[in-house]
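For reference, the structure discussed in these notes is given below.
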Amino acid sequence: MWESLSLKDVVALARDPYPSIRKWARDTGKKVVGSTIADVPEEVIYAFDLLPVTILGTHKPLKKAPSHLPDNACSLARSNLELALSYEGDLFSGFVLPQVCDTTQHLSDIWRINFPDKYVESYLAPRQADRPSARYWVKEEIERLIESLGKWLGKKPGNDALNASIAVHNENRALLGELYKIKRESPGTITNKEFFAMMKLSLQADKAEINKSLKTIKDSLKAKKGKKFTDVILVGITCDPPEIFDILDELKLNIVGDTLVDGTRYLQGMVSVNGNPIDALADRHFKRGFFSPIHDNVYKNFEEVKKLYNDTKAKAVIFVHIEFCESQEYDLPDLKNMIKKEGIPIHVLDTEYQTTSLSHVLTRAQAFFESLKGGSL
Ligand code: SF4
């Protein structure tokens, strides 16, 4: 289904992957398990011969979610719930839902109540990752997830199957990392939209299949430097709708680094396949960057952004703010102050799932980058 895609196919499928996931499920007879961001060890789900799909909202209208969640719940949580309640719920045999913030904590019960016939499990990564007990906790959570999936399916993968799954995921991360390097150094080769479509579809398709497409795409690329690009870094949790990338492409901004959960945070931490896979997966959890709701050190966010900005020699930071994301709204004022004090230009781009017009995003971004000309650009 996903093994011989062109870059154009990837962009189209990333916008709406669900018809292809349905076809894959029909053709293979395998089950699909959805999870929301972040940090569910999808390697474990894959090792059970299931398809792990990261649910990243829907662009279709909200019909049922508003009756379950208040208007000031984050738009990603509302959009994810709508996708499951109104549009694609029947596709999923089950869900593994991480609790990363207060919204997702309440949400997992709402999903459980609304899908009584499906497998629904929580995944609880420690919020205070700096504590010595955090590593023990992550390992216990991974083992609990394996036990729970095993009880549901009546079988459990051994270490060989877990390591084989990890190897497929490592290959996916390595390929995407190489493609990112090409894009970073030669922005005329791959657009922002194309690159982040490859990232997104990788989180939703069978990785063994999409790895074949990514390899062919990578081998067929002819590096083009392109002219007059401005390097920027993208900071946030996720960036949607994909048309935002069109705007960044139109403004000739080259994303050379990011902190997105469906971006670099997915690429961080290759997992060893030579030892105990559960230990190795737990290790990976601590090799990844800051994710607001999980870590306790409020300065870590700033330090990571500053380092990324300096390492990539970017000209500005674009912070993608998801409307009503409580975690971002908690972090953003301090982060903005610290970044400004450091003399780093920052532009906050407000997004909302189900948005129909992005003209304000274009106008504000245009104004921001115009104002930088003659300055740091
Ligand atoms: S972290 Fe933010 S975007 Fe994610 S579910 Fe919580 S409130 Fe929504």
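Taking all Cα pairs closer than 8 Å and separated by 6 or more residues, the relative contact order of segment 54-119 comes to 31 percent. Dipole magnitude for the chain: about 1020 debye, using +1 per Lys or Arg Cβ and -1 per Asp or Glu Cβ, origin at the Cα centre.
Taking other Cβ atoms within 10 Å as a rough exposure proxy, Glu82, Glu342, Glu352 sort from fewest to most as Glu342, Glu352, Glu82.
Full extension of the segment from Arg144 to Val298, taken as 0.36 nm per residue of separation minus the current Cα-Cα distance, would add 52.5 nm.
When the charge dipole of segment 16-153 is built from unit charges on Cβ atoms (+1 for Lys and Arg, -1 for Asp and Glu) and taken about the Cα centre, the candidate among Leu69, Leu124, Val96 whose Cα reaches farthest toward its positive end is Leu69.
Counting beta carbons within 10 Å around each of His106, His285, His169 and listing the fewest first gives the order His106, His285, His169. Charge dipole of segment 16-153 (Cα centre as origin; +1 on each Lys and Arg Cβ, -1 on each Asp and Glu Cβ, all else neutral): 260 debye, rounded to the nearest 20.
In segment 16-153, a dipole from Cβ-located charges (positive for Lys and Arg, negative for Asp and Glu) runs towards its positive end, and of Leu85, Pro41, Leu145 it is Leu85 whose Cα lies farthest in that direction. Partners of Lys139 within straight-line reach, counting lysines whose Cα lies under 28 Å from its Cα and excluding those fewer than 8 residues away in the same chain: Lys30, Lys31, Lys118, Lys151, Lys155, Lys156, Lys200, Lys207, Lys287, Lys300.
Here the ratio of the Cα radius of gyration of segment 1-159 to 2.2 N^0.38 Å is 1.08. Its Cα centre serving as origin, segment 99-240 has a Cβ charge dipole (Lys and Arg +1, Asp and Glu -1) of approximately 740 debye.
Normalised by 2.2 N^0.38 Å, with N the number of residues, the alpha-carbon radius of gyration of segment 120-200 equals 1.54. Listed by chain and number, the aspartates and glutamates placed with their C-alpha closer than 13 angstrom to that of Lys307 are Asp258, Glu342; residues fewer than eight positions away on the same chain are left out.
When segment 227-377 is described by a simple charge dipole with +1 on each Lys and Arg Cβ and -1 on each Asp and Glu Cβ, the residue from Val298, Ser327, Tyr353 located farthest towards its positive end is Val298.
The ranking of His360, His68 from fewest to most other beta carbons within 10 Å of each one's beta carbon is His360, His68. All alpha carbon pair distances within segment 285-331 were sorted into 5 Å bins beginning at 0; the resulting P(r) in whole percents reads 4, 18, 25, 26, 19, 7, 0.
Below 18 Å, Cα to Cα, which aspartates and glutamates can Lys222 reach? Residues fewer than 8 away in the same chain don't count. Straight-distance partners of Lys222: Glu178, Glu185, Glu194. Here is the size of the chain from its Cα atoms: Rg then Dmax, 20.0, 65 Å.
Each reported figure results from applying straightforward, stated rules to the coordinates on display, with no laboratory input. Nothing here was measured: the structure is a model prediction, and the numbers come from that model. Cβ coordinates were reconstructed from backbone atoms using ideal geometry, including for glycine residues, and neighbour counts include every protein chain displayed.
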